[in-house]
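Shown next, in structure tokens, is the structure this report addresses.
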Amino acid sequence: RRMRPPAPVARALDLRGAEGAILVRRTLAQDDRPVVLDEIWLPAPMFKGLTAERLSDYIGPMYGLFETEFGVRMIRAEEKIRAVAADEATAELLQVAPGAPLLSVERLSRTYGDQPVELRRGLYNTTSHYYRNELS
């Protein structure tokens, strides 16, 4: 959904004044079990025409959609990773017990000119797999 982002998100994405953002919330599954809860913030001016339908209809990685449909290429990212305990709402969505250990990953992706284009906050249940990421 399109909305005015909280101040920390607006600062991270270098949004000015009334510039809005797009918030995408999704879960990712492995073997039909939810393992990732993502909250993704994008600067709305760069992603005009992005809708939930376009996201769900696209087959492939989100970054591929961003590049082919919006001309936005992520060229580098910084990640902060730490362990957290699942709160009640997250535990329900990821089908784990409240308090279960999760991996919290916050990523700020940038395009040319060091312009921030995505703030992603993910909670990962790594009980049956590793967190693996290739950033290039």
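The values are calculated or read from the model by the stated rules, or taken from the named source; none is laboratory data. Being a predicted model, the structure only gives us computed values, none of them experimental. In this analysis, Cβ positions are derived from the backbone assuming ideal geometry, glycine residues included, and neighbour counts consider all displayed protein chains. When the accessible area is computed, the model is the full protein with side chains, heavy atoms only, and any ligands, DNA or RNA have been set aside. Shrake-Rupley method; radii C 1.70, N 1.55, O 1.52, S 1.80 Å.
What to note about this one:
- Cα-based Rg / Dmax (Å) for region 39-104: 15.8, 41
- Taking GluC sites (Glu not before Pro) across region 62-136, the ones in a DSSP loop with at most 13 further Cβ atoms lying within 10 angstrom of their Cβ are GLU134.
- Between LYS80 and GLU53, the FRET efficiency from the beta-carbon distance, with R0 = 25 Å, is close to 0.20.
- Accessible heavy-atom area order of LEU123, LEU28, LEU93, highest first, probe of 1.4 Å: LEU93, LEU28, LEU123
- Ranked order, ASP31, ASP38 - accessible area, probe 1.4 Å, largest first: ASP31, ASP38
- Computed extension length for GLU39-ASP14: 7.2 nm, one decimal, from 0.36 nm per residue of separation with the Cα-Cα distance subtracted.
- THR126 accessible area, 1.4 Å probe, all protein chains in place, Å² to nearest 10: 50
- With DNA, RNA and ligands ignored, accessible area of TYR131 (1.4 Å probe; Å², nearest 10): 50
- Solvent-accessible surface of region 1-116, averaged per residue with a 1.4 angstrom probe and all protein chains in place: 60 square angstrom.
- In the assembled protein chains, GLU39 presents an accessible area of approximately 40 Å² (probe radius 1.4 Å).
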